1. Go through region 28-52 and give me each residue that's hydrophobic (A, V, I, L, M, F, W, C) and out of contact with any helix residue (DSSP H, G or I) (no Cβ under 9 Å at 6 or more places or on another chain).
2. Identify the single condition in (1) free of Cβ contacts under 8 Å to residues at least 40 places away in the same chain; (2) in contact with a Ser or Thr (Cβ under 8 Å, 6 or more places away or on another chain); (3) of a type in the set (Gly, Ala, Ser) that ALA121 does not satisfy, given that it satisfies every other one.
3. Taking region 73-90 only, how many residues are over 22 Å from VAL225 (Cα atoms), among the β-branched types (Val, Ile, Thr) and touching a helix residue (DSSP H, G or I) at 6+ places or on another chain (Cβ under 6 Å)?
4. For ASP120, indicate whether it is assigned to a helix (DSSP H, G or I) and closer than 21 Å to ALA204 by Cβ.
5. Quick one: which residue in PRO20, PRO14, PRO37, PRO49 is crowded, with 19+ Cβ neighbours inside 10 Å and either within 21 Å of ALA262 (Cα to Cα) or at pLDDT below 90 (or both)?
6. Those residues that are modelled with pLDDT of 90 or more and small (Gly, Ala, Ser), I need them from region 79-120; list them, please.
7. Where in region 156-213 are the strands (runs of 3 or more DSSP E), entirely inside, with at least 3 residues that are in contact (Cβ under 8 Å) with a residue 60 or more places away in the chain and surrounded by 22 or more Cβ atoms within 10 Å (Cβ to Cβ)?
8. Have a look at THR216, THR248, THR195 and point out the one that is at pLDDT below 85 and polar (S, T, N, Q).
Amino acid sequence: MSGGVLHLQCRAYPLHHRTPTTSLAPFAVPDHGELRPVTGSLKSLAYNPDGTIELDLTAIIRPAVALPGTEITACHARILTAGTVIVVYALRHEQDLRLLSLPELDALDAGINRVLREADAPILSAVLAAAVSSGLVQSIALRPDLAVAGAGSPIDRRSARYNAHFVTEDPPWDPDSRVPEVASGPECHILLPYTYAWDHDPDAPLSDLLTMTEPTDIAVAQQSVLTGAIIAGRWVLGDLAHAHPENTDVHAFRRFLDGLWADFHHLDSYRMESGQVPRASYLSARQVIGLDDTQERADKLLGYVSSSLLAAASERAEALDARLNRVAAALTVVSAASFGLDIAVFVLPQVSLWTKLAVVVGLLGMATSGLVAAILPGALRRSIRRSGAPVELSGRGGPTVFPVPATAAVAGPPEAAELPSPRLSPPGGNTPAGR
């Protein structure tokens, strides 16, 4: 293996969890052996310390993941206090990466990431499930769609984003021309969004390299948190648009958003807590990946979701009031029939059996007619809603349904659109779908 370049891939998964610092006992991962968590910290912070829990996954990843021409020298999971897990791969390649152009380097990194994401998904799910069972990770707040699916070990692959780091002395690659000029610190060279070259000894201890890359990995962790927020907001809007509000647990969604924003702003404090050099790398990374723009879009989308949820809640309250009114009307009819029967028995004590039967049948008929009149309109409306038949109630009976052009039917608010490709691909380069 070429020792000139160390390739690091740092993938961030938002989980919005709580990690008790007192529960660091070893735990077993079924079919994969035992893991021993140890305490750590974000060492690039200059002021208030922020703890982490470190897991060495190398022994369980190496036998399961094969990369031709590439050696996995280490795989670590870093559980951050702010509800995020960063999985870090350290890779050595047979070919000399210094001889590759930037587009070739980008394509190599993207291909390896695709292989790793497919190969390690079941392993990471098993590790997370074991961590939850052991109490190491607690109170995970799931995205609404994951919660409805009942996923026991939610590795949120759609929200995950990753950084690529190439550590070598005097890196030979020039930044892509579309990357703005930013002051990123003496060691950090931003080649593309989410792609960095570091002027450092590639044989340095991994812990030192992880401290060096922490600023940019904090930025990508924030991006993954916001991506999860946007995916959750789109799912809720789609559920409401298709008239399935019962699938949306409003309180669970609120708790999810509370954890999401708490974790995002916890990570955002890095700009005030880190040292001067790491802070420069962090601010440059968040500018190049467009983190502030993503935050603005997430704010707008979630504001729209909140308005829609309030409207749906109001609609459900109106429907409940209507049902309660119909029940009250039905109870009134039954009470009136019972009262009428009591009067008939009192007024007509000496009449024949046939007369009594006629009175009872008449009163029962009146009660039945009243119940049908109170209940049938709601049942008809529910039947029409379930059948999906168009309702035409113009002027004389209610609203009119107008035809909608096909282009307008599929359009939505701009906040709900797909995220743009989060990394720039140079001419001839490859943009990985998972970034």
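The values are calculated or read from the model by the stated rules, or taken from the named source; none is laboratory data. Remember, it's a predicted structure, so these values are computed and weren't measured experimentally. Ideal geometry is used to build each Cβ from the backbone, glycine not excepted, and the neighbour counts take in all protein chains shown.
1. VAL38
2. Looking at each condition in turn, ALA121 falls short on (2).
3. Of the residues in that region, 0 qualify.
4. Criteria not met by ASP120.
5. PRO14
6. ALA82, ALA90, SER101, ALA107, ALA110, GLY111, ALA119
7. Qualifying strands (runs of 3 or more DSSP E): 161-168, 188-192.
8. On inspection, the qualifying residue turns out to be THR248.
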